[in-house]
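Notes follow once the structure below has been shown.
The values are calculated or read from the model by the stated rules, or taken from the named source; none is laboratory data. Owing to the predicted nature of the structure, the values given are computational and were not obtained by experimental measurement. Cβ placement follows ideal geometry from the backbone for every residue including glycine, while neighbour counts extend to all protein chains displayed.
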Amino acid sequence: MFMQMINPLDNLALTCLVALIPVVILLIMLAVYRLPAWLAALLGSIVTFVLAMWIWKMPFGDGTRAYVYGAATGVWNVDWITVWGMVLFNTLGVSGVFENFRRWLIAQGSLDVRVQTMLFAWAFGALLEGLVGFGYPWAVVAPILISLGISDLNAIRVAAIANNAPVSYGALGAPVIALAAVTGYPLLKLSASVGTIVAVLALLPPWVLLYLVSGKQGMKGGWPLAVVGSLGYIAGQYPVAVHLGPYLPDVTGAIVCFIALFALLKFWQPKTILGYGGVPVDAAMARQTQGHGLSTGEVLQAWMPFVVLLIVVAAWTGPWSPLPKVTWFSAKAVACSSLAASCDPAKPDVSAVFKFAPYVGGSAILASWIAVAALLLAMGKLKYSQIGEIFRRTFHQMWGACLVGVFIFGLAYTFNYSGMAASLAKGFSSLGTAFIVVAPILGFIGVALSGSNTSTNAMFGKFQALVGVQLGMPALLLPTLNSIGAEIGKPVAPQTASVGVSTSKFVRKEGDVIRHNMGWTFILLAYLIVIAIGCYLLRPAAMMMPAN
């Protein structure tokens, strides 16, 4: 059996530097040479495999199996979800249902820029992130904000900052699913730990958004919007993350947030209607309303896909369902950990596992799409001839992201199986409990350069878990901070920005957008570090694994 080497170069600092080579090369190819993410992940995985065999003496056969099992996990556990999520989103777009939903939503907002920001950037952005992610919330929300009088650059920043909190559950939970795959920790427990910190993190962004669009005075006059917006999202996100898993927290958070904001606006309105910059809106203009021109049936049709998605996925993936537990095939490559005091060949410490569970979350999304498509066909909103266009559009959008899933998980599994992650963990554990400050920063840097929370969790998730074990910290804490640090870095990720600016005049000017987003992103990162320290000191039990 393969025994990992903790310090193959007899110098732990040098060993750690060599172990960082794949990460550095991957990030340089993405950030400096701007290679496509799938190509950078492929080249990075080749470098990782060569170093694993050459320096860490990983056997070729065992390493190949670990890489293949990782790639297969990327396809089945992540790509299978994101593809069907995009198919569902494109079905709503091709059928016109999404446009009706957008029109209806715009008609609900008053001319007050604070109300518009909370409805469109915060709640609607969370809904889009929960369904598809990949920068699409920026691309869809920013034009709405621009049409409402916010300048292009500031509209993109508002959309990006609003997109922070939902990212860990973006694309129907793909980042948390990736984190569970590489760490081996239970999916529901990781979902709950991420949800706990996200719930605290989500208290701040609505206040930032009000300040960005209306200044200090606007924030003072519109504070109920921030309170209800944040608590509404948390009320929908937190219980679902804790009790159902990572697939729907953003969707339910967004829907409950909509309901809470609409209820608030029935009983409370800002005393002064403000436009962008906190400028009062003329009283005559403030009385104008924009109708959506939709019948009651069309409004119900616009909401129908989200209701179907919630019902099907909750019934399919909830703890009461036996479907996710069904496994048809399982394979693994095993090894003895370099961090373990001893190795029992009957119970190896390290394993690269692939399980073919046919009824995973992606299959639930597929079932949801079938139900939605059938209903839209029956209603005459969708034609059979349009289904081909839906799949062609999805392939064009997703083929690169799917290849990233293959190569980044192959890279991550090789990195972990060979012992490279364990060597890094041993080196970084010398920081002691101060590493709790470093953990979210690593996630922030990873996503800022790779553009993907899912990829960042695949790369650093196991390493963070191993550092936590070395330091005796609550098992879930550091992987959770990695994921949430990554979500905060999204506004400065070039790849995310390239998608986010695609519907604005800042196409191919991502640098301007990133610089504009940078300051507030650092403030949110500092806020996360404070939350992390508080969680560790005051509520460590929330991040602990249950005793067997």
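Here is the figure for the range 267-298: residues that are under 24 Å from residue 228 (Cα atoms), modelled with pLDDT of 65 or more and in a helix (DSSP H, G or I) total 4.
Okay, residues lined up against (1) basic (Lys, Arg); (2) in a helix (DSSP H, G or I); (3) buried (at least 24 other Cβ atoms within 10 Å of the Cβ); (4) at pLDDT 90 or above:
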site: 470; (1), (2), (3), (4): no, yes, no, yes
site: 488; (1), (2), (3), (4): no, yes, yes, yes
site: 504; (1), (2), (3), (4): no, no, no, no
site: 518; (1), (2), (3), (4): no, yes, no, no
site: 525; (1), (2), (3), (4): no, yes, no, yes
site: 529; (1), (2), (3), (4): no, yes, no, yes
site: 536; (1), (2), (3), (4): no, yes, no, yes
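Would you tally the residues in the range 16-45 being closer than 16 Å to residue 463 by Cα and either at pLDDT 95 or above or of a type in the set (A, V, I, L, M, F, W, C) (or both)? Residues meeting the conditions: 8.
Quick check on the range 203-223: of everything there that is in contact (Cβ under 8 Å) with a residue 40 or more places away in the chain and in a loop (DSSP other than H, G, I, E, B), which residue is surrounded by the fewest Cβ atoms within 10 Å (Cβ to Cβ)? Looking at residues that are in contact (Cβ under 8 Å) with a residue 40 or more places away in the chain and in a loop (DSSP other than H, G, I, E, B), I get 204. Report yes if some residue within the range 420-439 is within 29 Å of residue 166 (Cβ to Cβ) and free of Cβ contacts under 8 Å to residues at least 40 places away in the same chain; otherwise report no. Looking through the range 420-439, at least one residue is within 29 Å of residue 166 (Cβ to Cβ) and free of Cβ contacts under 8 Å to residues at least 40 places away in the same chain. Within the range 241-262, residues that are in contact (Cβ under 8 Å) with a residue 24 or more places away in the chain sit with their Cβ atoms under 6 Å from residues that are among the acidic types (Asp, Glu) and in a helix (DSSP H, G or I), at 6+ positions apart or across chains, in these pairs: 250/129. Just one of the numbered conditions (1) within 24 Å of the chain's Cα centre (by Cα); (2) on the phi > 0 side of the Ramachandran plot is not true of residue 293: (1).
Condition first: without any contact (Cβ under 8 Å) to a residue 24 or more places away in the chain, assigned to a helix (DSSP H, G or I) and among the acidic types (Asp, Glu). Can you find one or more residues in the range 95-118 that meet it? Within the range 95-118, one or more residues are without any contact (Cβ under 8 Å) to a residue 24 or more places away in the chain, assigned to a helix (DSSP H, G or I) and among the acidic types (Asp, Glu). Only one of the listed residues (3, 86) is in contact with a strand residue (DSSP E or B) (Cβ under 6 Å, 6 or more places away or on another chain) and either under 27 Å from residue 496 (Cβ atoms) or in contact (Cβ under 8 Å) with a residue 24 or more places away in the chain (or both). That residue is 3.
Test residue 48 against the criterion of being more than 24 Å from the chain's Cα centre (by Cα) and under 19 Å from residue 456 (Cβ atoms), and give yes or no.
Against the criterion (more than 24 Å from the chain's Cα centre (by Cα) and under 19 Å from residue 456 (Cβ atoms)), residue 48 qualifies.
Only residues that are in a helix (DSSP H, G or I), under 25 Å from residue 186 (Cβ atoms) and in contact with a helix residue (DSSP H, G or I) (Cβ under 7 Å, 6 or more places away or on another chain) were counted in the range 301-334, giving 8. Against the numbered list (1) modelled with pLDDT under 80; (2) on the phi > 0 side of the Ramachandran plot, residue 347 comes up short only at (2).
Taking the range 79-120 as the range and being under 23 Å from residue 177 (Cβ atoms) and either more than 26 Å from the chain's Cα centre (by Cα) or among the charged types (D, E, K, R) (or both) as the test, only 79 passes. As a summary of the residue check, residue 61 satisfies the conditions (1) part of a helix (DSSP H, G or I); (2) touching a residue at least 12 places away in the same chain (Cβ under 8 Å); (3) over 22 Å from the mean Cα position of the chain (by Cα) except for the one numbered (2). Here residue 44 meets each of (1) among the small types (Gly, Ala, Ser); (2) part of a helix (DSSP H, G or I); (3) out of contact with any Pro (no Cβ under 6 Å at 6 or more places or on another chain) with one exception, condition (3).
Table: residues versus (1) modelled with pLDDT of 85 or more; (2) surrounded by 22 or more Cβ atoms within 10 Å (Cβ to Cβ); (3) over 28 Å from residue 354 (Cα atoms).
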| residue | (1), (2), (3) |
| --- | --- |
| 88 | yes, yes, no |
| 112 | yes, yes, yes |
| 164 | no, yes, yes |
| 170 | yes, yes, no |
| 185 | yes, no, no |
| 188 | yes, no, no |
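Each residue in the range 122-151 was checked for being hydroxyl-bearing (Ser, Thr, Tyr) and in contact (Cβ under 8 Å) with a residue 12 or more places away in the chain, and 2 of them qualify. Restricted to the range 14-41, and to residues there that are out of contact with any helix residue (DSSP H, G or I) (no Cβ under 7 Å at 6 or more places or on another chain) and assigned to a helix (DSSP H, G or I), the residue that is surrounded by the most Cβ atoms within 10 Å (Cβ to Cβ) is 39. When every residue of the range 234-250 is checked against the conditions, none turns out to be crowded, with 21+ Cβ neighbours inside 10 Å, modelled with pLDDT under 95 and over 17 Å from residue 170 (Cβ atoms).
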